[in-house]
Amino acid sequence: MPATFRCSIVTPSLSLLSADANYVSFEAWDGQRGVMAGASPFLASLGVGVARVELSDGTAKTFLVDSGFAQMRGNELTLVTDYAEDAANLNRAQAEREYADAKAKAVEMGMTSAEARAQVERAQRVAATKVALARG
């Protein structure tokens with residue numbers, strides 16, 4: 001039986017997961033990161049993307065995460081994110097509408113400032129990730 005560690009995914013208002021895991025991958029600000037039991041302690045900024053948790057029972061859960069941080073301390077990985085959603089709960093049609101709305105907003109705003117551009121691009125990344133996860 002492989003070594004396990006505790007994985008938690010939380011937002012400011014919700015705990016989405018607290019379970020034993022064999023492996024977790026997530027999108028950090030500087031690229032994809034994978035974690036197994038015995039990983040050295042770290043603190044990393046999360047990007048927009050997918051967090052995949054391979055649970056100790058052999059199943060896997062997938063989440064959309066949007067910003068925040070990941071902390072490995074001892075035998076526990078915690079992803080604290082501004083927004084997260086279980087991929088199993090995503091609706092493909094709704095995700096595609098959000099993506100179309102984000103693209104339309106980018107055109108409408110004309111990307112006038114760096115801050116506005118960053119907000120619109122973030123909304124597009126979240127919506128595109130939702131679409132990809134909702135498609136399966």
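Checking GLU54 against (1) among the charged types (D, E, K, R); (2) modelled with pLDDT under 95; (3) more than 23 Å from SER13 (Cβ to Cβ), which single condition isn't satisfied?
For GLU54, the failing item is (2).
Scan the range 12-32 residue by residue and report those that are surrounded by 10 or more Cβ atoms within 10 Å (Cβ to Cβ), modelled with pLDDT under 95 and within 18 Å of ASP82 (Cβ to Cβ).
Within the range 12-32, LEU14, GLU27, ALA28, TRP29 qualify.
Look through SER56, SER45 and report the one residue that is of a type outside the set (A, V, I, L, M), exposed (fewer than 13 other Cβ atoms within 10 Å of the Cβ) and touching a strand residue (DSSP E or B) at 6+ places or on another chain (Cβ under 8 Å).
Only one candidate passes the filter, namely SER45.
So which pairs qualify, if the first residue must be in the range 50-64 and without any contact (Cβ under 8 Å) to a residue 40 or more places away in the chain, the second must be assigned to a strand (DSSP E or B) and among the basic types (Lys, Arg), the Cβ gap must be under 7 Å, and the two must be at least 6 apart or on different chains?
Pairs found: LEU55/LYS61; ALA60/ARG52.
Do you know which residues across the range 23-43 are among the polar types (S, T, N, Q) and over 17 Å from ILE9 (Cβ atoms)?
Matches in the range 23-43: SER40 only.
Taking ARG97, is it surrounded by 15 or more Cβ atoms within 10 Å (Cβ to Cβ), charged (D, E, K, R) and either in contact (Cβ under 8 Å) with a residue 60 or more places away in the chain or more than 20 Å from LEU17 (Cβ to Cβ) (or both)?
no
The values are calculated or read from the model by the stated rules, or taken from the named source; none is laboratory data. Note that this is a predicted model, so its numbers are computed, not measured. Because the Cβ atoms are built from the backbone with ideal geometry, glycine has one as well, and the counts that use them run over all protein chains shown.
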